[in-house]
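To start, the structure itself, in structure tokens.
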Amino acid sequence: MEEKKINSVHSSFWSNVFYPAPNKADLKKYLNTLPLFSQLNKRELSHLISIIHNRNYLLGEYIFHQGEPGMGLYIILDGRVIIQRVLANQEIITLASLVENEFFGELALVDGEKRSASAIAETDCKLAVIFKPDLDEFIEKHPKPGVKILQAISTVLTERLRNLNEDYISELTKSKIKKGSEHGT
């Protein structure tokens with residue numbers, strides 16, 4: 001009798017559905033090391049963990065696409081993620097390469113606007129996700145830790161904006177120096 005070979009397809013959908021949650025104690029310790037959650041006490045972290053969803057993504061899989069509605073914050077538990085933007089001329093630029101203990105998508109928790117870039121799994125990844133509707137409900141039920149999280153998000157966004165401003169000024173200065181040397185001044 002001829003044996004049939006079955007081709008299996010690895011579907012990220014099923015991986016996401018059946019991805020087991022990390023140990024709660026480990027997740028608490030992990031979250032407490034991130035600037036967004038470092039001000040939360042153990043009880044507040046326990047409440048927060050109840051709204052966290054766990055997802056697996058395969059190498060090359062899109063976590064979200066530029067232009068999609070922003071629905072959540074992603075925390076990298078394992079793996080690498082790249083953030084890319086497609087420009088008007090269809091050129092693709094990489095904005096960041098993120099690793100374990102880093103997070104992305106935090107703007108979605110603040111404004112819920114469309115994604116300004118895409119996030120792609122650079123390796124197989126395990127991510128923890130906090131969706132905006134869940135965080136909004138968390139803040140209603142637990143306003144004190146909710147305010148701590150929103151303040152931390154504001155601090156992170158402010159720091160990133162300041163760094164971006166410094167980078168812009170640095171590039172502008174380099175450009176002016178280069179222009180001046182081209183004109184012999």
So which residues in region 56-67 are part of a loop (DSSP other than H, G, I, E, B) and farther than 11 Å from Glu122 by Cα? His65, Gln66, Gly67
Out of curiosity, is Gly60 in contact (Cβ under 8 Å) with a residue 40 or more places away in the chain, loosely packed, with under 12 Cβ neighbours inside 10 Å, more than 22 Å from Asn23 (Cβ to Cβ) and out of contact with any Leu (no Cβ under 6 Å at 6 or more places or on another chain)? yes
Would you check if there is a residue in region 164-181 being hydrophobic (A, V, I, L, M, F, W, C), within 26 Å of Phe103 (Cβ to Cβ) and modelled with pLDDT under 90? yes
Name the pairs: first residue in region 124-138 and free of Cβ contacts under 8 Å to residues at least 12 places away in the same chain and closer than 14 Å to Phe37 by Cα, second residue not in a strand (DSSP E or B) and not polar (S, T, N, Q), Cβ to Cβ under 9 Å, at least 6 apart or on different chains? none
Please go through region 1-39 and pick out each residue that is in a loop (DSSP other than H, G, I, E, B), modelled with pLDDT of 50 or more and within 23 Å of Lys126 (Cα to Cα). Tyr19, Pro20, Ala21, Pro22, Asn23, Thr33, Leu34, Pro35, Leu36, Phe37, Ser38
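The values are calculated or read from the model by the stated rules, or taken from the named source; none is laboratory data. Just so we're clear, the structure is a prediction, and the values are computed from it rather than from any experiment. FYI the Cβ positions are ideal-geometry reconstructions off the backbone, even for glycines, and counts take in every protein chain you see.
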